[in-house]
Amino acid sequence: MNNKVWLITGTSQGLGLCLVRRLLAEGYQVAATTRVLNNLTDVIGVETEHFLPLEMQLTDEKSVQAGKEKILEKFGTVDVIVNNAGYAQRGMLEEVSDTEARNNFDANVFSVLNIIRNFAGVLREKRNGYIINISSIVGLRAGTWSGIYSATKFAVEGISEALRGELASYNVKVITAKPGDMRTGFHKPETLKIAKTQIEDYSRLREQARTIIRNKNGNQCSSPEKVAQRIIEITQMEQPPLNVFFGNDSFEIAESKVSLLQNEMAEGAWIAHSVSVDE
């Protein structure tokens, strides 16, 4: 199992960094991407027999292609792909500019598609492999002040579900990881990316959302190190589920969303059945 080659994006901090550390400690071969190479090598170290740090601009297909060539030259293949890179754009939907929204979709969605286009074929041709897309529980239930970020994760959910069907007959397993709040720097004030435009009518909602985030910072319920270990264990399963929830908060939110859908389906069943074409 330890001969597997992993490709992980977004590895200079948080879950990505924890995953790289854990994999290297267990003897795996790891190709790790970051936007600024020193951000990774200063923490993990320079290239070794088992470790290939890569400066890769995930929204630039040429950069991804160049990275692919380096990975295949060094390791010869890829077995597990983890699409982890991304960030959260904060702001009410009316406040987030077109540029801010597109930038978040570029980082969280189109980067995933770039990796899939360039690497899924490697797994398909060898008839084996895993693609793990790091989504979020907000990809199942959207949050106030995080609508654009939630939308990017809803997109990742759709991509993953479609990709699982497309690759199933080639023994390539696709998983969406839905973590809740992990104890990383995700909620630190200096890392928050907030819309430049702020509409006065949303001031109360905005302050409520910011207070929730402030209170979460340092008090998140899940350990990124434990999440990293569970991700490794998923790749040892013959038939992993498509949807994997990480954290008590993630699981509880999922349960509430399922319950809400069931209630709304029951209440609206007559509408669904009332629009059939009369024969």
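The values are calculated or read from the model by the stated rules, or taken from the named source; none is laboratory data. Values in this document were obtained by computation on a predicted structure and should not be read as measured data. Backbone-built Cβ (ideal geometry, glycine too); neighbour counts: all protein chains shown. To get the accessible areas, we keep the full protein, side chains included, count just its heavy atoms, and leave off ligands, DNA and RNA. Shrake-Rupley method; radii C 1.70, N 1.55, O 1.52, S 1.80 Å.
Peptides 7-19, 194-206, 124-136 ranked from most to least packed by the mean count of surrounding Cβ atoms within 10 Å: 7-19, 124-136, 194-206. Ranked by the mean number of other Cβ atoms within 10 Å of their residues, highest first, the peptides 172-182, 257-267, 43-53 fall in the order 172-182, 43-53, 257-267.
Across all C-alpha atoms in the chain, the radius of gyration and Dmax reach 19.8, 70 Å.
Charges were assigned to the Cβ only: +1 to each Lys and Arg, -1 to each Asp and Glu. The resulting dipole of the chain about its Cα centre is roughly 740 debye. The relative contact order of region 82-219, computed from alpha carbon pairs under 8 Å that lie at least 6 residues apart in sequence, is 33 percent. Look at the dipole of region 189-256 built from charges on Cβ: of Leu192, Asn217, Asn248, the Cα furthest out on the positive end belongs to Leu192.
Helix 224-234 and the longest principal axis of the C-alpha atoms of the chain enclose an angle of approximately 70°.
About the Cα centre of region 146-279, what is the dipole size in debye to 20, counting +1 per Lys and Arg Cβ and -1 per Asp and Glu Cβ, all else neutral? Could you put the intermediate results ahead of the total?
On the way: 16 positive and 18 negative charges, 189 e Å.
With Lys and Arg at +1 and Asp and Glu at -1, about 900 debye.
Starting from a Cα-only point model with no solvent, please compute log10 I(q)/I(0) by Debye for region 62-190 at q = 0.15 1/Å. Cα-only, vacuum Debye calculation for region 62-190: -0.75.
Debye-formula intensities of region 1-137, expressed as log10 I(q)/I(0) at q = 0.17 Å⁻¹, are -0.89 (one equal scatterer per alpha-carbon, no solvent).
Please find the FRET efficiency linking Val258 to Lys70, where r is the Cβ-Cβ separation and R0 is fixed at 51 Å, and quote it to the nearest 0.05. Here the calculated transfer efficiency is 0.75. Separation of region 114-169 and region 1-28, taken as the distance between their Cα centroids, equals 19 angstrom.
May I ask for the angle, rounded to the nearest 10°, between helix 61-75 and the longest principal axis of the chain, with both axes built from Cα atoms and the value confined to 0 to 90°? Value to nearest ten degrees: 40.
Centroid-to-centroid, using Cα positions, region 222-265 and region 39-89 are 26 Å apart. In this structure, the amide hydrogen of Val30, modeled 1.01 Å from its nitrogen in the peptide plane, lies closer than 5 angstrom to those of Trp6, Phe51, Leu52, counting only residues at least 5 positions away or on a different chain. Largest to smallest in accessible area, the residues Leu123, Leu140 fall in the order Leu140, Leu123 (1.4 Å probe, all protein chains included). Principal-axis analysis of the Cα atoms of the chain puts helix 248-267 at an angle of about 40° to the longest axis. Between Gly218, Gly268, Gly185, the residue with the greatest mean-square fluctuation in the GNM of the chain (Cα pairs under 10 Å linked by springs) is Gly268.
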